[in-house]
Amino acid sequence: MPSAVRYENATKRYGDSTTAAVDRLNLEVAAGEICVLVGPSGCGKTTAMRLVNRTVELSEGDVLIGGESVRERDPARLRRETGYVIQQIGLFPHRTIAENVATVPQLLGWKKDRIAARTTELLALVGLDPELGGRYPAQLSGGQQQRVGVARALAADPLVMLMDEPFGAIDPINRERLQNEFLRLQAEIGKTVLFVTHDIDEAIKMGDRIAVMREGGRVAQYATPAELLMDPADEFVEDFVGADRALKRLALMRVSDISLWEAPLAHVGQATAEVRAKLRGAEVPYPLLVDSERRPLGWLSERDLAAETVPAQPDSPLGPLLDLDDVMRDALADLLQGEAQYAAVADRSGRIAGVLSVEIISEFLASPAAKTEEHGAVERPHD
Amino acid sequence: MASLAALALPLAKVGEVGKDFFHERSSETLSCQANPDKLFCFEWAKDNIDRYGTPTVQHIELVAISILAGFAVAFALALLAHRHHWLRTPLLAGTGALYTVPSVAFFFLLLPLTGRGRDTAIIALSAYTLQIIYRNTMTGLANVPASVKDAGRGMGLTGRQLLWRVELPLATPEIVAGLRIATVSTVALATLAVFAGGGGLGDPIYDHITFTTNIILAGGIAMLMAIAFDLILLGIQRLATPWLRAARGQA
C-alpha cells in the first residue's frame, strides 16, 4: 500500500543557523492511520508537520503526499487539499459557523447546495447541532469551537489531516470527550492524520503509530503504542514515556482481554453446606451471592455461612461492579477506589462473568502472553 | 533673496485679509447687539437663519470630499505598508509631520501653489486626516489574531484573499474609529477654510465675529453636523460588524 505521506531527508534550517530545526527526517505514514509526532518542546514536531502543507518551507529534501512532491504544488492549492487544525482553533470571528466550515469548499468553487448539505453533514458528524450553523464563534464554547475547527478541516474531504495539538487549549474534561469522539469519527472515515502533541498519554491514546522525536526532529522510535510501552528503544524514549509505562499499558486493554478467576456462586436459600463445599479449592476464597439470573448481589462472609441457608441480605456489599468492556486502567482504578481485593465482573446483560483482582492484573502484565499482544486501532478502547 | 521674494506673494495675500477682517461688517446686528447682556437674539436668528444655508452645504462638501480623499490615500498607504514592512515607520512619520503643520499656516503655504478657493482647503483638510486613518488602519490590521491568519493561510487562502476576506473585515472597527475621529475634527477644522477662501461655516462666523448669536448659530450647526457624521459612521460600523453584535448579545 503506498504511503500517504512520506518524508525524504526533509530538512528545515532557519536563517543561516547551522543547527536544523528538522534534520533529515525520514518517515512514512500509511494511509488511513493516525501518526502521532510526540516529543519535548522545541524538538521540531510542529515544524515537521508544517512541512507537509508548506506553511513552513523545506530547506532540503522532500515531502511526498500520495507520491507527489509538495514542492511541485502551488502552496495555496496544496493546502486546500490538506485539512489543518491548530491549537488556538483560529475560527474566523466575523463568519458564522456554517461559513467557517464552508471556507475551503467555497475556495474550490463548489455549488451552494452542495456546500450547505456538506456543512450540515459535517456539523452532525462532529457532534454539533446543525442549528448552531448560524451562530458566530464567540457564541460557542472552546470545545464546540474546536469541533467546528475539525469540521472545517474535513469539509473538502482532504487527503491528509494535519492536527497541531488540537485539543491542547481545551479543558481536560472536554479534551477527553473530543479525543474519544475524534477516534470514533476516525473509525468511520479513516483519514490519514498527522497529529502533533507533547503529551505522551494523548499520543498513546490517539496514535496508530507514534514517532517519538528528539531535538532536530530526529526520530528516536517509530512504533505502535504497545511496542513503545513494552520495548522503548533507548533511555530517551523510556524517560519520555514515563516511569509508569506499565500502568499506561493498562489503558490499551479491556477487562475482557484477560482470563478472569471464578468465584463460587451462591443463591438465596441455598444450603450453606453446599456453598462451603464449593469453597474448597476455589480460586476466589469468598462466595458470591447471585440472583436467579446470575446477576451479582453481594459477597458472603463467614457469618453468612454460619446459618443453615444462604441469607437474602449478604454481610458485605457488592463493592465495585466491573464490566467486561471496561478499560483495564479504569477497572484497576475502581478496584483501588473501592478498597476491595476482588471485584465482580459482569457482562453486558449484567450476568457474572468472573472476578478481577489486582493480583490477576499484575500476573497478566508479567506473563509472556501480554508481551506478544497486538492491539489494533479498531479495537482500541476509547470510551 | 529669492526665498524672501517667494514669501512675499503669500504675505501679500495675507494683507488682503487685513485688520478689517475681524471688524463688524454690517450694522443690522447693532440694534440687537446694543444690549450686551443678551446672549441670544431669537428675532435675529429667526429672520436670518437662511444665511447659513449655503455655508452649511459648503461645509458638508468640504468635510465629505476631504474625508473621502484622505481615506483613499491613507488606506492605500496602509495597504502598502502592510505588505512592505519597511514603509511603516516612514509613512507614520510622514503623515504625522503633515498633522503638525498649523492649519492656517498650511492654507497660506498652499496659496501660491493652488490659489484661493475650495481646493486649497480640501488639500489641507485631507492632509490632516491621513495620520489618524493610516494609524488606525495599521492598528486594526495588527490586531487580527495570529491564529486566525495562520488558520486562513493553512486552509489555502492566498495573501490577497486573506487580506480582503479576513484581515480587513476584522480591522473594520478600528478603521471606522479612525474615520470618526478624522471626521469630527475635520468638521471643526473646516471652519478655518475661510482663510483659504474655501467657504463653509467659517464664512458667517467671521462675518460677524463679535455677534454672539451668530457664533452660537454657526457653531451649533457645526457641532450638530459633527454629531450627525459621527452617528452615521457609527451606524455603518454596526451594520458592517454583525459578529460583534452577536458576541455582545451573548455577554
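Since every read-out is calculated from the coordinates, none of them should be taken as a lab result. The structure presented is a predicted model; accordingly, all values stated were derived computationally and were not measured. Cβ sites come from the backbone with ideal geometry, for glycine too, and all protein chains shown count toward neighbours.
Structure notes:
- Counted over all Cα-Cα pairs of the range A:157-220, pairs farther apart than 19 Å make up 32 percent.
- Residues of the range A:92-113 with amide N under 17 Å of the 7 Å Cα→Cβ point at A:D129: A:97-98
- Where only DSSP H runs of four or more residues are counted, chain A gives -9000 deg cm²/dmol as its mean residue ellipticity at 222 nm, each run worth -39500 (n - 2.57).
- Neighbouring Cβ atoms from other chains, within 10 Å of the Cβ of residues in A:79-92, number 5 on average.
- Each of B:F42, B:G96, A:A331 was scored by the projection of its Cα onto the charge dipole of the protein assembly as shown, and the greatest displacement toward the positive side belongs to B:F42; charges sit on the C-beta of Lys, Arg, Asp and Glu.
- Among residues other than A:Q145 with Cβ under 11 Å from its Cβ, the summed charge is +3 (Lys and Arg +1, Asp and Glu -1).
- Pairs of lysines in chain A whose Cα atoms sit within less than 28 Å of one another amount to 12, provided the residues are eight or more positions apart or on different chains.
- With a cut-off of 10 Å between beta carbons, the residues surrounding A:Y222 carry a summed charge of -1, where Lys and Arg count +1 and Asp and Glu -1.
- Translational D in µm²/s for the range B:52-241 (Stokes-Einstein at 4 °C, 1.567 mPa s, Kirkwood Rh from C-alpha pairs): 73 µm²/s
- Charge context of B:V166, other residues only, Cβ under 14 angstrom, K/R +1, D/E -1: +3
- Ordering A:K191, A:K111, A:K45 by the number of other Cβ atoms within 10 Å of each residue's own Cβ, fewest first, gives A:K111, A:K191, A:K45.
- Taking B:L92, B:L179, B:L111 and counting other C-beta atoms within 10 Å, the order from fewest to most: B:L92, B:L111, B:L179
- The separation of the range A:117-189 from the range A:310-328, counted between C-alpha centres, amounts to 38 Å.
- Model label zone, A:T19; criterion: amide N under 12 Å from point 7 Å along Cα-to-beta-carbon; scope the range A:38-64: A:42-44
- Spatially proximal aspartates and glutamates relative to B:K149 (Cα-Cα < 19 Å; intrachain offsets below 8 disregarded): A:E57, A:D74, A:E81, A:E99, A:D164, A:E165, B:E167, B:E174
- Chain A: translational diffusion in µm²/s, Stokes-Einstein, Kirkwood Rh over Cα pairs, 20 °C, 1.002 mPa s: 90 µm²/s
- Förster-model FRET efficiency, 22 Å R0, A:D257 and A:R295, C-beta, rounded to 0.05: 0.45
- For q = 0.12, 0.14, 0.17, 0.25 Å⁻¹, Debye-computed log10 I/I(0) when each Cα of the range B:63-161 counts as one equal scatterer: -0.49, -0.61, -0.80, -1.26
- Cβ-Cβ distance of B:R116 and B:L68, R₀ of 22 Å, FRET efficiency by 1/(1 + (r/R0)^6): the value works out to about 0.50.
- Under 15 Å from a label point set 7 Å out along the Cα-to-Cβ vector of A:A169, the amide N atoms of the range B:128-152 belong to B:144-152.
- Exposed loop sites were defined as GluC sites (Glu not before Pro) in DSSP loop states (anything but H, G, I, E or B) carrying at most 12 other C-beta atoms within 10 Å; in chain A the longest segment without such a site runs A:58-292.
- Two-site FRET efficiency, B:A76 against B:L39, from Cβ-Cβ distance with R₀ of 41 Å, rounded to 0.05: 0.30
- In angstrom, the C-alpha Rg and Dmax of the range A:256-368 are 14.0, 45.
- Residue exposure proxy: A:T11, B:T212, A:T103, ordered by other Cβ atoms within 10 angstrom of their Cβ from fewest to most, comes out as B:T212, A:T11, A:T103.
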